[in-house]
Each structure stands twice: as C-alpha cells, then as structure tokens.
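One structure, as structure tokens, below. Some questions next.
Only the coordinates and a few stated rules stand behind these numbers; no lab work does. Computed from a prediction, not measured in an experiment: that's the story for all the values here. As a convention, Cβ positions derive from the backbone with ideal geometry for all residues, glycine included, and neighbour counts pool all protein chains shown.
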Amino acid sequence: MDAVGVEIGESGRGRAGRASSDAPLAPTPPSQAQALSVLLANVRGMGNFGGSLAIGSTAELRDLMEATGYVGIGDTDVPAEGWQVSEFADADERSLPGLVEKTGAPAVMVSFLDSDVGFVEAVTPDGTAWTGLLNRGMAESYDIPLEDFPVDTAVAGALAWSAAAGLTSEAEVVRQALTGSATCAEELCGILLVGLGIPGTSSAA
C-alpha cells in the first residue's frame with residue numbers, strides 16, 4: 001500500500017463534518033454538507049469504516065482528538081515540522097470542525113469504507129472547506145452517487161483549501177488522486193496529501 005510520509009494504514013475508522021472557529025468558521029454550503037452527512041450515514045452499515053487525519057498543528061493531538069469525538073486513535077506521526085498525521089477508529093459529524101476550532105489549524109481527513117472508497121473532508125480556520133471522493137470506480141459498486149462529488153468542484157475546493165492553509169498545491173496531482181483507481185483507497189489518500197502540498201508527505205511509486 002502506498003504511504004504518506006508515514007504509512008497510512010487501514011486501522012482507523014470514522015467520518016466528520018464542518019465548521020466554526022474563534023471567529024466562527026463559515027459553514028460548507030448546506031447541500032454539500034448535508035449530502036455527505038446523509039451518505040455517510042447510509043453507507044455506514046455496508047462495511048468497516050476508518051479514517052486518517054492530517055493537521056497543521058503542533059498541539060498534543062490525541063487529547064484534542066478525544067475531546068472532539070474521535071475514538072480509537074492511533075499513534076501520531078510527524079511527517080514534517082508543524083504537521084501531524086493520525087488514524088482513528090470513529091468520529092462524529094462535528095469532530096473535524098471541532099478539532100480545527102480548538103487548534104486554529106487546517107486539517108484534512110479521509111474516511112475509508114472497507115479501504116475501497118475514501119470520503120474526503122477538509123476545513124481551515126477561516127472556513128475554507130471542501131469534500132471529495134476517492135476511488136470513484138469502487139464507489140459505483142456501492143451505489144454511491146458520483147454526481148454528489150463532481151471532480152472539478154472538488155479540485156477547485158482542494159486548491160482553495162491548500163492556499164488558505166498556506167501550502168503549495170499541485171493541481172494535476174490532486175486531480176490524479178480524485179479520478180484515479182487503486183486496490184486500496186489509502187493509496188489515493190497518499191497521492192492527495194502530496195497534491196495538497198502537505199509537508200513531508202510522499203506516495204510510493
């Protein structure tokens with residue numbers, strides 16, 4: 001399986017939501033947030049869920065993740081100064097925006113369905129947010145509506161998120177992650193983090 005600076009495995013499981021900060025985070029457009037929330041609830045019974053999280057913070061991550069509803073938290077890896085990567089077994093809809101609010105740091109997480117499909121959610125403290133889907137071909141086999149995850153919209157959102165997070169993105173790499181296919185969705189997650197410009201991340205050839 002491909003790696004993201006540190007290996008992104010299959011141990012964690014979860015899902016997430018959106019937005020409010022010290023100056024409240026601007027919410028994701030309601031239709032987008034609601035569609036993903038409903039979809040995750042519907043597919044949750046289809047198999048095992050798990051998640052990987054990358055956040056631009058040096059704060060004690062485990063305690064903050066527990067405080068915002070993450071459970072089954074794995075070891076924290078530091079791919080580069082100022083960024084941390086962790087896996088988790090479960091989360092709720094407010095876990096991601098709550099964590100961003102508490103840390104004041106940008107974060108992106110991917111929830112995996114049986115390692116076949118990845119649901120991407122990302123938020124910055126200023127409210128820049130986007131969602132995306134990894135392994136679209138496999139998603140079709142779960143009857144996940146691809147029209148809820150338009151690629152061009154996701155790419156634009158990813159680039160905006162990266163810029164708001166102070167990173168330098170690579171649009172073609174982001175698009176590769178969002179349109180590619182892989183045996184495990186974690187492989188595409190690795191490519192995505194590289195495309196977003198998260199320091200210290202890499203994907204195996």
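If you stretched the chain out fully between E81 and E172, how much longer would it get, using 0.36 nm times the residue separation minus the C-alpha to C-alpha distance?
Roughly 30.2 nm would be gained on extension.
Now for a separate question. Can you tally the net charge around P150? Count Lys and Arg as +1, Asp and Glu as -1, for every other residue whose Cβ sits under 13 Å from the Cβ of P150.
Numbers: positive: R136, R175; negative: E147, D148, D152.
Here the count lands on -1.
Just to be sure I understand the model, the point goes 7 Å from the Cα along the line to the Cβ. What's the resulting D148 to T58 distance in nm?
4.0 nm
Could the peptides 158-166, 72-80 be put in order, highest first, of the mean number of other beta-carbon atoms found within 10 Å of their residues?
Working: 158-166: 19.4, 72-80: 16.0.
Ranking the peptides 158-166, 72-80 by packing returns 158-166, 72-80.
Loop-only check: which GluC sites (Glu not before Pro) in the range 73-120 are DSSP coil with at most 15 other Cβ within 10 angstrom? Provide the component values of the computation, followed by the final result.
Working: sites: E81, E87, E93, E101; in loops: E81, E93.
Passing sites in the range 73-120 are E81.
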